Each structure stands twice: as C-alpha cells, then as structure tokens.
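My structure is below; once you've seen it, I'll send some questions.
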Amino acid sequence: MSSTSCCSRLHSCPSPQGFLASTITKVILGLLLFGVVWAMVGQECEPGQNLFGLLVLFLSAVCGGNLVGMIHLPSLPPLPPLLGMLLMGLILRNVPYVSDAVYVDQQWSSSLRSIALAIILTRAGLGLNPSALRRLKAVCVRVAIGPCTTEACTVAVVSHYLMNLPWTWGFILGFVLAAVSPAVVVPSMLLLQGSGFGVQKGIPTLLMAAGSFDDVLAITGFTTCLGIAFSTGSTWLNLGKGLLEVVVGVLAGGVMGVLTCFIPSEDQIDLVLWRSSMLLGLAVFSVFASHVAGLGGAGGLCTLVFSFIAGLSWDTGKAPVAAVVGRFWDIFQPLLFGLIGAEITVSTLNPYTVGLGIATLCVGVIVRVLVTFAVVLFAGFNLKEKFFISLAWLPKATVQAAIGSTALDMARTVGDQQLEYYGMDVLTVAVLAILITAPIGALSIGLAGPRLLQQYTEIQDTHTQDKVENVATPELNVAPALESKL
C-alpha cells in the first residue's frame, strides 16, 4: 500500500474537533510537561516535593478555569475562569492527603506571584490610553478616582475599628479592595456593546477606559502604604519613606521608559520579540530589585510608569508587544490564582475574622456603589443608566489576586509574626472579595444591562446626545486595545 493512500485514509478518519480537541491537546501537553520535568529532576518531581506540587497546581488551575468558563447561562456573560483557578488552589490545600502530596515551597510561591505581579502591571501600563482619557474627560476621571479613593478610605476606617488593623494596614487593605476587575468588567461590557446596549451614550467605553485608571490609582496607593507599613522609625519618617518610594518608582520608571524608546531600535529583526523581552525583563527586575533595595513599594510603580511610556512611544507597535505579554499572562494567571487559593487553610481561619472581613467588604462595596452613583449624577445619564454604572463598578478579582499576598510575603521576609497576622487578614479578605464580588458582578452586569440600558438603533436622538456632558461617543473605539487588558 502506497504512502499516499495511507495518508488519504488517515485524513478521511474522524478526528476530534472544537472543545474536545482543545482539551485533549492541553492534557497531552500537560502530561508531556510533567514527563519532561520528571526526566530532568527525578525525585524532585515525586509527590510531596515542590516541583510536583507546582505542576499539579498549575494543571489543576487550568482545568478549573476551563470548567468554570464552560458555564454559560442564557443571555448572561460567562463566569470568569479565575474563579475556578482560585477554587482549585483552595481544594488542593484543604483536602486531606491531597494537601500532603501537593506541597509548594513558600519561597517559590512568593517568587512566582511576584513574577505574575510584574506581568500584570506591565499589561496595566500598556493598557493605559491617554487619548481615551482626554476624550472621556471629566466623567472618566470622576468614575476612576472618586469610588476608588472613597472605598479605600472607608475600608481603612471600618477595618481599623472592626478588625483592629493599624491605620496603615487598614489603608493597605482599602487599596487592595478598591480596584475594579477588568477581567470581569471588560468581557461583560464587550457583550453589551456588541448587542448595542448603552452604546449611544458610550457607557461600555466609559467603564472599560476608566477601569484602567482605577486600577493604576489603587496599585499606586497600595505601594505607597506598603512602603510606610514596613518602615521603621517615627510616623513622619515612615511617611517620608513612602513618598520617597513613590518618587524613586516614578523616576526609575521614567528612565527605563526612555531607554525602551530607543532600545531596541526599530531597524532590528524580530523587533516585537526584543521589545517584549526588554519590557518583561525590566518589569521582573524592578519588582525583585525594589525588595532587595528595601524599597518594596517602588517596584510596582516603576513597572507601571516605564510600560506606559514604552507603549506611548511605540504607538501602533504597542499592540503586538501587548499580545506577547498577554501570552505570558495566560501562563501565569493559573499559577497566580492557584497559589493565592493555596495560601488559605480553611481550618486555621478564625470565623470571627472572616465574618468581620465580609462585613468590611460589604460596607466598602455599598459606599463604592453610592459614590459611583453620585459622581455620574450630572453626566447626562438617565436614572436607569446611573444604576447600571453603579452596579457594574463593584466586581473585584485580578488586582486583588496580584497584590493581595504581597504584604504577607514581605511580612514573612521580615519575620515579624504580628505583621504576618495582618498580612494574612489582608489576603483572606482579598480572597473573599474575589469569591463574592466576581460572580455577583458578572451576573449583575448581564442581568441589569439589557433592562437598564437603551439599545442602540439606527435612528439616533442627536438632541439627547448633545446634552451628555463629557461622555464618550460610539465612535471612540478603544475596545480592541482594552479587550486584552488584565
């Protein structure tokens, strides 16, 4: 029998397609990865060892994310896969016998989460759109700044009196919880925008663009408070060191950003590869080097600044670099959420702390919703649209996972048991925020959008549009740039 006829028969055989083919491919690649690592390191990849734990956690998180992503309810946006990743980490850590076999070294866990933080901050910097801010003007600034700062301050006060956190740690928790999650908001807004809901007044565009600036503000506040919390000496010296970290982060980021404008040069072959390598290398270096230098809060801010400057200088060349960074995020996202879930041991949680943490979260979310409603009062939206914007501004997920464990990692490095206790409280409330607000936010947007927003039609009421104060028009096309955001 000829080779040609064999090939034709093989092609005529039914082959798996779609989701089944994708699942089989991922399972085979996962087993291949495990086999390669086992062949290289031998005993280090056996049950109870670190590499075995990391591989099992990564593959479990990927499977959990895919399973949650398969849940599709009619006329509703899909549930964020990150919930499945987080739950798989919780399960692996808290199921008897399984937790003994799936061991992950704390130093490895901390380092991998720091790398994931560097990647997500790079994506945040690249995702900032200055032209969108200029065109959205006052309403975008109000929606981005008002709810974030108010929620952070509210959580700081409530956690200080309810959870007995020091003021600095209260603000650390406040800024951790204050960030909205583009991982939930952006896909939901794109679905509504595709169906024409709220497009006439630019509501999906407004929320997607303002989400980027909301996250940057929360991360900046968090890094500043983090620097103050781990400083020694008087309060004024700590405050001065916190401000110093902000200044150092901005200046270092500016220098690195200018460097990326010229290096690598545009005439080089494989320019996208070189730019991506430079950007990610500088990001990881900044996050780790800032801790070595004793300026832990400067690294994140530095990464945000230089990635924003790099994207600004590359202009249209930013998109392919952002796509490469997004591929790295696809790898580190399951690791990040899986490792965050694996940090929580349910049996050691204090029900008192969990209850007060949920109460603090609820108070902060309620204040956020009310403040969001207030800041859009005079922006030209009707009552239903104001309610929708308020509901759409509550889900939390990605930023909470990225920075929620940072304070705990730094406390472990210092070796202060009391600081570790505060850090675990922050991480616990951050995980609760993801588990509670991410699904509620996604469902709220999916249910409320078609009922509260006007569907775009061919006949536009231009008279109504002229009354909208500083609201984006449908022609402002920032969705492609933001679709890959976080």
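The values are calculated or read from the model by the stated rules, or taken from the named source; none is laboratory data. What you are looking at is a predicted structure, and each value in this text was computed from that prediction instead of being measured. Methodologically, a virtual Cβ is constructed for each residue, glycine included, from the backbone with ideal geometry; neighbour enumeration extends over all protein chains shown. Remember, those area values only see protein heavy atoms, side chains included, never the ligands or the DNA or RNA. Shrake-Rupley method; radii C 1.70, N 1.55, O 1.52, S 1.80 Å.
Among the residues of segment 279-301, write down those that are within 11 Å of residue 122 (Cβ to Cβ) and not small (Gly, Ala, Ser).
Of everything in segment 279-301, those that are within 11 Å of residue 122 (Cβ to Cβ) and not small (Gly, Ala, Ser) turn out to be 279, 280, 282, 284, 287.
Here is a follow-up. Give just the number: which of (1) outside any helix (DSSP H, G or I); (2) touching an Asp or Glu at 6+ places or on another chain (Cβ under 7 Å) does residue 344 not satisfy?
Here residue 344 clears every test but (2).
Still on this model: Would you please list the contacts, defined by Cβ atoms under 8 Å and residues six or more apart or on different chains, that run from a residue in segment 180-201 that is among the basic types (Lys, Arg) to a residue that is assigned to a loop (DSSP other than H, G, I, E, B)?
Hits for this filter: 201/380; 201/381; 201/454; 201/468; 201/471.
For the condition more than 20 Å from residue 408 (Cα to Cα) and open to solvent by less than 50 Å² (accessible area, probe 1.4 Å), what is the one hit in 353, 360, 345, 372?
372
In segment 124-148, how many are assigned to a helix (DSSP H, G or I), surrounded by 19 or more Cβ atoms within 10 Å (Cβ to Cβ) and either in contact with a Gly (Cβ under 7 Å, 6 or more places away or on another chain) or at pLDDT 65 or above (or both)?
11
Further question: Would you please list the contacts, defined by Cβ atoms under 7 Å and residues six or more apart or on different chains, that run from a residue in segment 351-376 that is at positive phi to a residue that is surrounded by 20 or more Cβ atoms within 10 Å (Cβ to Cβ) and modelled with pLDDT of 90 or more?
Every condition considered, no pair remains.
Test of understanding: among 320, 334, which residue is open to solvent by 10 Å² or more (accessible area, probe 1.4 Å) and in contact with a helix residue (DSSP H, G or I) (Cβ under 7 Å, 6 or more places away or on another chain)? Before you say what the answer is, go through the steps one by one.
Details: 334 fails: open to solvent by 10 Å² or more (accessible area, probe 1.4 Å).
Result: 320 is the single residue among 320, 334 that is open to solvent by 10 Å² or more (accessible area, probe 1.4 Å) and in contact with a helix residue (DSSP H, G or I) (Cβ under 7 Å, 6 or more places away or on another chain).
Another question about this same structure. Working only within segment 350-405, note down all residues that are small (Gly, Ala, Ser) and part of a helix (DSSP H, G or I).
From segment 350-405, those small (Gly, Ala, Ser) are 355, 357, 359, 364, 374, 379-380, 390, 392, 397, 401-402, 404-405; that's our starting set.
Of everything in segment 350-405, those that are small (Gly, Ala, Ser) and part of a helix (DSSP H, G or I) turn out to be 355, 357, 359, 364, 374, 390, 392, 401, 402.
With the requirement that a residue be open to solvent by 10 Å² or more (accessible area, probe 1.4 Å), modelled with pLDDT of 80 or more and not β-branched (Val, Ile, Thr), what does segment 113-122 give you?
Matches in segment 113-122: 114 only.
A follow-up question, please. Name the residue that is modelled with the highest pLDDT, counting only residues in segment 414-430 that are of a type in the set (Val, Ile, Thr) and surrounded by fewer than 23 Cβ atoms within 10 Å (Cβ to Cβ).
Looking at residues that are of a type in the set (Val, Ile, Thr) and surrounded by fewer than 23 Cβ atoms within 10 Å (Cβ to Cβ), I get 428.
Turning to a different aspect of this structure: List the pairs whose first member sits in segment 109-127 and is on the phi > 0 side of the Ramachandran plot, whose second member is open to solvent by less than 10 Å² (accessible area, probe 1.4 Å) and not in a helix (DSSP H, G or I), and whose Cβ atoms are under 9 Å apart, counting only residues at least 6 apart or on separate chains?
none
Still on this model: Residues of segment 94-111 being surrounded by fewer than 22 Cβ atoms within 10 Å (Cβ to Cβ) and part of a helix (DSSP H, G or I), which ones?
94, 98, 99, 100, 101, 106, 107, 108, 110, 111, listed by residue number.
I'm trying to understand the selection: among the residues of segment 149-168, which are under 15 Å from residue 407 (Cα atoms) and open to solvent by less than 10 Å² (accessible area, probe 1.4 Å)?
Of everything in segment 149-168, just one residue is under 15 Å from residue 407 (Cα atoms) and open to solvent by less than 10 Å² (accessible area, probe 1.4 Å), namely 165.
Now for a different question. Please verify whether residue 445 is at pLDDT below 90, touching a Ser or Thr at 6+ places or on another chain (Cβ under 7 Å) and over 18 Å from residue 173 (Cβ atoms), treating the condition exactly as stated.
It is true that residue 445 is at pLDDT below 90, touching a Ser or Thr at 6+ places or on another chain (Cβ under 7 Å) and over 18 Å from residue 173 (Cβ atoms).
Okay, next question. Taking residue 72, is it at pLDDT 70 or above and open to solvent by 30 Å² or more (accessible area, probe 1.4 Å)?
Considered against the rule, which asks whether it is at pLDDT 70 or above and open to solvent by 30 Å² or more (accessible area, probe 1.4 Å), residue 72 comes out as yes.
Here's something else I'd like to know. Being at pLDDT below 80, under 21 Å from the mean Cα position of the chain (by Cα) and in a helix (DSSP H, G or I) is the requirement here; does residue 152 meet it? Show your work before the answer.
Numbers: at pLDDT below 80: no; under 21 Å from the mean Cα position of the chain (by Cα): yes; in a helix (DSSP H, G or I): yes.
Criteria not met by residue 152.
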